[in-house]
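Chemist: Take a look at this one; I'll ask things after.
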Amino acid sequence: MKKDLLSIRDLTKAEINNLIKLTSEVKKKQNQKVPYTPLKGKTMAMIFHKVSTRTRVSFQVGLFQLGGLALDLSTNNLQLSKGETLADTAKVLSRYVDAILIRTYKHSFIEEIAAYASVPVINGLTDLLHPIQILSDLFTIKEKKGTLDDIKVAYIGDGNNIANSWLNACALMGFYLTISSPKGFEPNISILEQATLDAEESGGKISFTYDPKEAVVDADILYTDVWASLGQENERENRKRFFSGYQINKEFLALANKNALVMHCLPVHRGEEIAADVLESRQSIVYDQAENRLHLQKAVMIKLILNDEKK
């Protein structure tokens, strides 16, 4: 039976732990230059409505290194631009490829593709969720800290797809998460409420505050993202007024755990959501975090494509 990855909630805690374990194994093989091509002859269609550096390159390179082929597509290259339905696109692509990756705006777009596709569909980002980013970040934290237990993550900034996916991750994995956003820029309220309830059952805790300094106290991970996401570029200057005071800087680091690490999913605007000296500090693991997208996504493709093959 095919399995999609549209949200972290599509996985169980055990599946996430297994994914992290596989990611570690895949990374070791690559670093040791051991040939590893479990997806030899496999193909994946990549549909991009949004510009991309890390998602595009890491998936395309990752599948190539695993022995497969990724087709880099956009709506301009597909009959979707001429009015073909999502249902027909999904059904036909499923006859040609072994998986479909989508990076788009509306989450409903990827949900409809997944409903009609007979191969796994992977969410490369929607305006609502960015699951592969946070799964990769969980691997990076485990790699650096040795555990995800009793970790406190402080997310400072826009309550966007990254914040929503952090909520889903905490609800499953049971760590401590606090989010701080300006008024009017909170995370999705239904996701926040459900995740808060689920976290209590998993042994975690979720809190929200409008005070970013309160959020970072004793944090192990300080995490931020751009104040204006893809498609919101025309709001950037206006948003700066609301987000002043939400920059991760040395003052915030001083309030956090002394061994706290700094993360950012990139791209970054130095001097806005994060101070340049913090981004380049020894506590920053931003570029390790970016590299691990490659390894985590390899593990995702292996799990989803080979699982689908067993149907």
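The numbers here are math on the coordinates, done by the rules we state, and not lab data. Note that the coordinates shown come from a computational prediction; the quantities given were computed from them, not determined experimentally. Note: ideal-geometry Cβ built from the backbone for every residue, glycine included; neighbour counts use all protein chains shown.
Chemist: In whole angstrom, how far apart do the alpha carbon centroids of region 1-30 and region 65-81 sit?
Modeler: 23
Chemist: For the pairs Lys2/Lys33; Lys142/Lys205; Lys3/Lys145, flag any whose C-alpha to C-alpha distance is greater than 21 Å.
Modeler: Cα-Cα > 21 Å for Lys2/Lys33; Lys3/Lys145; rest within.
Chemist: Follow-up. Please report the projected area of region 58-154's Cα convex hull averaged over all directions, in nm².
Modeler: 8.0
Chemist: Which length gain, in nm to one decimal place, applies between Glu291 and Phe242 when the Cα-Cα distance is subtracted from 0.36 nm times their residue separation?
Modeler: Gain on stretching Glu291 to Phe242: 14.5 nm.
Chemist: Is it possible to state the helix-based mean residue ellipticity at 222 nm for the chain, with each DSSP H run of 4+ residues giving -39500 (n - 2.57), the sum divided by total residues, to the nearest 500 deg cm²/dmol? What is it?
Modeler: The helix contribution divided over the chain gives -14000 deg cm²/dmol.
Chemist: Would you list the P(r) distribution for region 31-104, with all Cα-Cα distances sorted into 5 Å bins from 0 and each bin expressed as a whole %?
Modeler: In order of increasing distance, the bins hold 3, 15, 25, 23, 16, 11, 4, 2, 1, 0 percent.
Chemist: How much FRET efficiency would the formula 1/(1 + (r/R0)^6) give for Glu235 and Glu201, where r is the Cβ-Cβ distance and R0 is 41 Å, rounded to 0.05?
Modeler: After rounding to 0.05, the efficiency reads 0.65.
Chemist: Please give the net charge around Glu272, taking every other residue with its beta carbon less than 10 angstrom from that of Glu272, where Lys and Arg add +1 and Asp and Glu add -1.
Modeler: Net local charge, Glu272 excluded: +3.
Chemist: Additional query: Report the charge-dipole magnitude of region 132-289 in Debye, nearest 20, computed about the Cα centre from +1 at each Lys and Arg Cβ and -1 at each Asp and Glu Cβ.
Modeler: 360
Chemist: Using only alpha carbon pairs under 8 Å that are at least six residues apart, calculate the relative contact order of region 132-289 and give it in whole percent.
Modeler: Result for region 132-289 is 23 percent.
Chemist: Below 22 Å, Cα to Cα, which lysines can Lys82 reach? Residues fewer than 8 away in the same chain don't count.
Modeler: Qualifying lysines at Cα under 22 Å: Lys50, Lys91, Lys106.
Chemist: Per 10 Å bin from zero, what fraction in whole % of the C-alpha pairs of the chain is there, up to the bin with the longest pair?
Modeler: Percent of Cα pairs in each bin: 6, 28, 35, 23, 8, 0.
Chemist: Hey, what did the chain get for relative contact order, percent, Cα under 8 Å, at least 6 apart?
Modeler: Result for the chain is 20 percent.
Chemist: Kindly provide log₁₀ I(q)/I(0) values, in the same order as q = 0.16 Å⁻¹, from the Debye equation applied to equal alpha-carbon scatterers of region 132-289.
Modeler: Relative scattering, expressed as log10 I(q)/I(0), comes to -0.83.
Chemist: Helix by helix through the chain, keep the DSSP H runs that span 30 Å or more along the axis on Cα and average at least -1.0 on Kyte-Doolittle, and give those back in order.
Modeler: Correct list, ordered by number: 286-309.
Chemist: Where the centroid of each part is defined by its Cα atoms, how far is region 234-301 from region 150-169 in Å?
Modeler: Comparing the Cα centres of region 234-301 and region 150-169, I get a distance of 12 Å.
Chemist: Where the centroid of each part is defined by its Cα atoms, how far is region 180-220 from region 82-104 in Å?
Modeler: Spelled out, the Cα-based centre of one part sits 36 Å from the other.
Chemist: Could you tell me which residue out of Asn188, Leu167, Gln247 lies farthest along the dipole of region 132-289 toward its positive end? Charges go on the beta carbon: Lys and Arg +1, Asp and Glu -1, centred on the Cα centre.
Modeler: Going by the Cα projections, it comes out as Gln247.
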